[in-house]
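The values are calculated or read from the model by the stated rules, or taken from the named source; none is laboratory data. Everything numeric here is computed off the predicted structure, so don't read it as measured data. Here the Cβ positions follow ideal geometry from the backbone for every residue, glycine too, while neighbour counts run over all protein chains shown. Just the protein is used for accessible areas: all its heavy atoms, side chains included, with ligands, DNA and RNA removed. Shrake-Rupley method; radii C 1.70, N 1.55, O 1.52, S 1.80 Å.
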Amino acid sequence: MSHREHADSIGAYVLDALEPEERRAFEAHLRACPICRAEVDSLRAAAADLALAIPPALPSGRLRDRIAAIPTVARIESPPSPRPIPWLVRWPALAVAAALVVALGGLLASNIQMKSEMASMKQSMAMHQQVLTVLADPATKMTMLRGQEEMGRVTFVYNRQRNAGVLVISTMKTPPAGQAYQLWLLLPEPASAGMFKPQAEMHVVPVTGNIAMSKGIGITVEPEQGSPRPTSQPLLIATW
Amino acid sequence: MSVPAGGNDAEDRRFIARIARGDGAALTSLYDRYGAMCYSLALRIAHSVPLAEDVTQEVFLAVWQGAGKFDPERGTVRTWLLAMAHHKAVDAVRRAEVRRGQPADEPAEGGDEVREPARPGNPGMHLGDPVAEEAWLTLQREAVQRALESLAPEQREVVTLGYFEGMTHREIAARTGAPLGTIKTRMRLALQALARALRSVETDAER
């Protein structure tokens, strides 16, 4: 495509009105073309001024809290991870950290088979330390499940090297009577990884199975006793 | 009138420099200045409070992670933020449309949000003096509206559908019945005309 043909796309590019492939092609040209870059910059300033014509809406205070939490949460998330997921900021950072400590603590506790109910202080300290180690591990990732997001907001926190993972259910609609949610690890065939019924408040569900080899995780609605194979399309899914 | 905060790019750049050094308070300060503007734009495009909040959060996360890469040669901080907000809002709406297989046209959720469409309210900028702030914003809004009105009707149409409705040039061609290539050309000419009109308004305002 000639410079002239590319330049014809400048306006549509600035208005974010190109189709994805067109956008990619134009951006490739843009990297090589200082003339188009200069025009993009000039038209972008004009386009941005259009935002001033919009009647202002006041965002809620909770949005400001989420923004203020970014520096904290971004530090918890591994900075060099390929695709940082901002969604965790949805909850106050402290509540999340607390939930994760509880969740991963539970997982690790069962992993190391703490038999005694009177777990010594030393043990619990050690476990706490282990949880913090998992959280601090750069290999620990978080991803938000996508799909029918009106059904719920669910984040998967996982560490494939350690074969550990928990679902953080921040909201989830109640399933129809006699049914429950079933988790599936994609291996890549779906393998059951547990069932859960949502609770009123944010809670965490441990995920059991071969997380290390999995390519994704999905949630379907199934009969309460569970299904050997998914019987419906996943409501929410994340792949990696 | 002293230089309003919205036009004080030098100060904005100092915020960006502090954010690039990991100063979290500077991120909140930048949000206080431009968060409502980004949010209002996202809400205008997405018609959904949760989506608009997510978009605004994504913008400021991108600022937190990319402040070091901000290039003042390419435009002001405000332009950078608003261009990101627009792009992310349009993206979010298109993703939602693909998921539902239909246009995302449900009305904005009321919830506990306070919306003030009529009042030339405070989009979060710190001029110190709320009256001066409101006056400045009202002037800005009127200036932009005048510039928009100065465009030829077919140019105003593509800018409105593209920028405020987040439509692609193909969708606009289908809606207006104009040939595909024509919309692209028209968008470019429209933005060039808008840039000229805004410059002349600025010159007028400076007396």
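Of the residues making up region B:131-156, just one is of a type in the set (D, E, K, R), modelled with pLDDT of 95 or more and more than 15 Å from A:ALA53 (Cβ to Cβ), namely B:GLU154.
Do you know which of the residues in region A:153-177 that are of a type in the set (Gly, Ala, Ser) and either farther than 15 Å from A:ALA212 by Cβ or in a loop (DSSP other than H, G, I, E, B) (or both) is least open to solvent (accessible area, probe 1.4 Å)? Checked region A:153-177; the qualifying residue least open to solvent (accessible area, probe 1.4 Å) is A:SER170. Checking each residue in region A:14-38 for being more than 33 Å from the chain's Cα centre (by Cα), in contact (Cβ under 8 Å) with a residue 12 or more places away in the chain and open to solvent by 40 Å² or more (accessible area, probe 1.4 Å) picks out only A:ILE35. A:ASP49 satisfies every condition listed in (1) under 19 Å from B:ILE183 (Cα atoms); (2) buried (at least 18 other Cβ atoms within 10 Å of the Cβ) except (1).
Within region B:99-109, the presence of a residue that is modelled with pLDDT under 95 and within 14 Å of the chain's Cα centre (by Cα) is excluded. May I ask you to verify whether B:GLU53 is at the interface with another protein chain (Cβ under 8 Å from one of its Cβ atoms) and acidic (Asp, Glu)? Criteria met by B:GLU53. Scan region A:207-230 for residues that are under 19 Å from A:ARG146 (Cα atoms) and either open to solvent by 50 Å² or more (accessible area, probe 1.4 Å) or in a strand (DSSP E or B) (or both) and jot them down. Within region A:207-230, A:LYS215, A:GLY216, A:ILE217, A:GLY218, A:ILE219, A:THR220, A:VAL221, A:GLU222 meet the criteria.
Exactly one residue out of A:ALA200, A:ALA180, A:ALA193 is at pLDDT below 85 and either outside any helix (DSSP H, G or I) or open to solvent by less than 40 Å² (accessible area, probe 1.4 Å) (or both): that is A:ALA200. Applying the condition of being open to solvent by 50 Å² or more (accessible area, probe 1.4 Å) and more than 14 Å from A:LEU50 (Cα to Cα) to region B:164-175 and asking which residue is nearest to the other protein chains (Cβ to nearest Cβ) yields B:ARG170. Only residues that are open to solvent by 10 Å² or more (accessible area, probe 1.4 Å) and out of contact with any helix residue (DSSP H, G or I) (no Cβ under 6 Å at 6 or more places or on another chain) were counted across region A:141-152, and they come to 8.
What's the number of the condition B:ASN8 fails, among (1) more than 9 Å from chain A (Cβ to nearest Cβ); (2) in contact (Cβ under 8 Å) with a residue 12 or more places away in the chain? Result: B:ASN8 fails condition (2) only. Among the residues of region A:19-44, just one is more than 7 Å from every other protein chain (Cβ to nearest Cβ) and part of a loop (DSSP other than H, G, I, E, B), namely A:CYS33. Among the residues of region B:179-191, just one is more than 17 Å from A:GLU39 (Cβ to Cβ) and open to solvent by less than 20 Å² (accessible area, probe 1.4 Å), namely B:ILE183. Does B:LEU161 fit the bill of being more than 19 Å from the chain's Cα centre (by Cα), open to solvent by 10 Å² or more (accessible area, probe 1.4 Å), free of Cβ contacts under 8 Å to residues at least 24 places away in the same chain and more than 8 Å from chain A (Cβ to nearest Cβ)? When the stated conditions are applied, B:LEU161 does not pass them. For B:ILE19, the stated conditions hold: it is in contact with a Leu (Cβ under 6 Å, 6 or more places away or on another chain) and crowded, with 21+ Cβ neighbours inside 10 Å. Being within 9 Å of chain A (Cβ to nearest Cβ), more than 22 Å from B:GLY162 (Cα to Cα) and among the small types (Gly, Ala, Ser) is the requirement here; does B:GLY24 meet it? It is true that B:GLY24 is within 9 Å of chain A (Cβ to nearest Cβ), more than 22 Å from B:GLY162 (Cα to Cα) and among the small types (Gly, Ala, Ser).
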